[in-house]
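Nothing in this text is a laboratory measurement; each read-out follows from the coordinates by a stated rule. Fair warning: this is a prediction, and the values are worked out from it, not measured in the lab. Cβ atoms come from the backbone with ideal geometry, glycine included; neighbour counts cover every protein chain shown.
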Amino acid sequence: MHKFWNFTEDDSGRTLRIEGQIADETWFGDEVTPQLFKNDLQAGTGDITLWINSPGGDVFAAAQIYNMLMDYKGDVHVAIDGLAASSASVIAMAGTTVSMSPVAMMMIHNPWTVAQGEAKDMAKVIEMLGEIKESIINAYELKTGLSRAKLSHLMDSESWFNARKAVELGFADRILFDKEEDQDLETKSYSFSRTAVHHDLLVKMQAKLEPQQPTKTIPLNQLEKRLNLLK
């Protein structure tokens, strides 16, 4: 069996990589392969960084991996560095946090299958696909908070999201390597410093305006008016 996942562990923590097609064969009715993944998952402890670059694959494999990651005791920090499409996007929804590379993509769509048989068989397949879609929407809804109608429409349209769009819609939390958060902190810091400087200037002006009367003070609001006149 070809494993599409790989666990590694070093001083920085545990790393899980999911790359390529998710499962060469369906996990529906398979008891061995899901157990292998579970064994690898439970072989260690602590938070996990999950890197995803996958076009998707078997929806039942994705569902079981999603459940195992949601049930995992540590945090799972998802990082999409290439593509998280189809069922790979479902796995991404299990992340405690979800980050995307600025050049990564995410794609969601309706489930599909190949079937044969008579009319009643096709009707059963249609019903099954409808239920599978609803189960996928459950995962998207929990992560994004979007309405089921909105999510259903996005799936109907086979929607592709770049990193910023994914964050905007709630499928991701942040963009990897983006310094915007740090810039915001710098702006807030500058605003605070400017307020402090303004106050210090008022105090100094008060001292200069009344050098001979150290016991007399001028209200700060009057000083602010005088300062505005000097501008």
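Over region 5-178, what is the mean sequence separation of C-alpha contacts under 8 Å (at least six apart), divided by residue count, expressed as relative contact order in percent? Show your work: numbers first, answer last.
Values: 316 pairs, mean separation 32.9, N = 174.
Here the relative contact order equals 19 percent.
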Please arrange LYS143, LYS179 by how many other C-beta atoms lie within 10 Å of their C-beta, fewest to most.
LYS179, LYS143
Let me have the relative contact order for region 61-163, percent, based on Cα pairs under 8 Å that are six or more residues apart.
29 percent
Would you mind checking which residues have amide H under 5 Å from LEU50's amide H? H placed 1.01 Å from N; only 5 or more apart, or other chain.
LEU16, HIS77, VAL78, ALA79
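GluC sites (Glu not before Pro), restricted to region 1-74: which are DSSP loop and have at most 10 other Cβ atoms within 10 Å? Display every interim value, and only then the final one.
Numbers: sites: GLU9, GLU19, GLU25, GLU31; in loops: GLU25, GLU31.
Passing sites in region 1-74 are GLU31.
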What ³J(HN,Hα) values, in whole Hz, does the Karplus curve 6.51 cos²θ - 1.76 cosθ + 1.60 give for region 131-142 when θ = phi - 60°, with x put for Gly and Pro?
5, 5, 4, 4, 5, 5, 4, 3, 5, 5, 5, 4
Would you give the gap between the C-alpha center of region 54-123 and the C-alpha center of region 13-41, rounded to a whole Å?
12 Å
The ³J(HN,Hα) series, computed from each phi in region 36-44 with the Karplus coefficients 6.51, -1.76 and 1.60 at θ = phi - 60°, rounded to the nearest Hz and given as x for glycine or proline, is 4, 5, 4, 4, 5, 5, 8, 6, x
Between SER86 and residues 5 or more places away or on another chain, which pairs have amide H atoms under 5 Å apart, with H built 1.01 Å from N, and which residues are they?
MET107, ILE108, HIS109
